[in-house]
Ligand SMILES: [Fe+2]
């Protein structure tokens, strides 16, 4: 009898251990993510061959292909088609280069190709030589999947995040700022371009700027963003913007507004008023906003840095019934409830900080205690997010913490579009002067 009791106790304790271990292991995981060193990705192709290839959406049916060559005589042309090795179409674009103190960039090419079919894989070659690349265009209709990761940098953790995102077969990547962490060391922009090429050449990467893109220098480079604007031009003109630092675009029923946390708020506000006034929720039932410095943040890092922008623009986004606001900057993950003006509000956007891509500065480990009631989930781990919009009304958001080899779902939520809520009718400003905007090339 005593022996059986001991045996039962043993079984009970082992069961408890197995129940508790996954949670314990995940907690242990939180404290074993120190920063990893910078990965410098070398240039190992001939000088005339393309390097740092990446693609971005331009209008509804076009894609911009960007790349760099060391050789200046390479033409800015892209040959492409839907069969590997068979290029029955081609496009010609433009090229540029820039100087930053003693650094001179390679020849930076930008070629817009199309019109392209939706949900189609295109095979392409840049400048008439070098390896073949391929990308897949977004679908014509829901569902669509966005990968979201900010503050990427170029470390071992960045490589892990990129691998995990790549495994998801997403359609479009949204990057809320802080790309290369070159921080004026221009060869690191080239290294970053080579690191992300296997991913950014396969799917459109849509980015906005972070503080690490500024690279200002008194008198010589007072306006900053020289490398960023030259290497990562986004389709700002199509949305009526005069700056590469803020713009919007539509993809599969989703209107995405890329705001500039480090761009002039006055001109940006005027553009934003125009942009939100022309949102047609019957065409784009979802509205997503991307910023860099978060407006809501219970991490001790970067407290209050997004406040002036929040004061300037939150009311307009609220009245427009923006569904979700993604931010970076804080190197951690945090999901808030629907908010307007520091209060829970069923017609306000969900705010999510996703600045945990893996940069060299490491994680932001310290939080305000106790946790504010507006904050639903927060964790200092590297990782990425996935926004899967299924139809006009329903979407799924998940955050995937980086383990060494796998991505672990650590937070997830189903939510509905505000356009499907009868009590959240948009309040459009009546006096906005609409200016003409081109939808197509
Ligand atoms: Fe930042």
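Between residue 166 and residue 220, the distance separating the two model label sites (each 7 Å from Cα on the Cα→Cβ line) works out to 3.6 nm. Classify segment 74-221: rounded, prolate or oblate, from the alpha-carbon gyration tensor (a ≥ b ≥ c, eigenvalue square roots; a/c under 1.5 rounded; otherwise prolate if a/b is larger than b/c)? Oblate.
Once the Cβ-Cβ distance of residue 415 and residue 44 is raised to the sixth power relative to R0 = 41 Å, the FRET efficiency obtained is 0.35.
Using alpha-carbon pairs under 8 Å, 6+ residues apart, how would you state the relative contact order of the chain in percent? It would help to have the intermediate numbers written out before the result.
On the way: 1052 pairs, mean separation 68.5, N = 441.
In percent, rounded to a whole number, it is 16.
Each residue, residue 104 and residue 88, gets one label point 7 Å from its Cα in the Cβ direction; the gap between the two is 4.2 nm.
To the nearest ten degrees, helix 2-30 and the longest principal axis of the Cα atoms of the chain are 30 degrees apart. By the count of neighbouring beta-carbon atoms within 10 Å, fewest first, 173, 390 end up ordered 390, 173. Between helix 265-277 and the chain, what is the angle of the helix's C-alpha long axis to the longest principal axis, kept within 0 to 90° and rounded to the nearest 10? With both axes taken from Cα atoms, the answer is about 80 degrees. Taking the C-alpha atoms only, the angle from helix 187-200 to the longest principal axis of the chain is near 70 degrees.
Peptide packing for 400-409, 150-159 was compared via the average number of neighbouring C-beta atoms within 10 Å per residue; ordered from the highest value, the list is 150-159, 400-409. Taken along the Cα-to-beta-carbon direction at a fixed 7 Å, the label points for residue 280 and residue 134 span 3.5 nm. When every Cα-Cα distance of segment 51-136 is counted in 10 angstrom steps from zero, the calculated P(r) takes the values 18, 51, 24, 7, 1 percent. So if R0 is 25 Å, what FRET efficiency would residue 183 and residue 159 give, r being the distance between their Cβ atoms, rounded to the nearest 0.05? It comes to 0.80.
Counted over the chain with a bin width of 20 Å, the fraction of Cα pairs per bin, in whole percents, is 25, 56, 16, 3, 0.
Can you classify segment 194-288 as rounded, prolate or oblate using the Cα gyration tensor, where a ≥ b ≥ c are the square roots of its eigenvalues, rounded means a/c under 1.5, and otherwise it's prolate if a/b beats b/c and oblate if not? Intermediate results must be reported in sequence, preceding the final value.
Values: a/c = 2.86, a/b = 1.29, b/c = 2.21.
Oblate, because a/c is 1.5 or more while a/b does not exceed b/c.
Every read-out reported here was derived from the displayed coordinates using simple, explicitly stated rules and does not represent laboratory data. As the structure is a computational prediction, the values presented were derived from the model and not from experiment. No Cβ is skipped: glycine too gets one built from the backbone with ideal geometry, and neighbour counts run over all protein chains shown.
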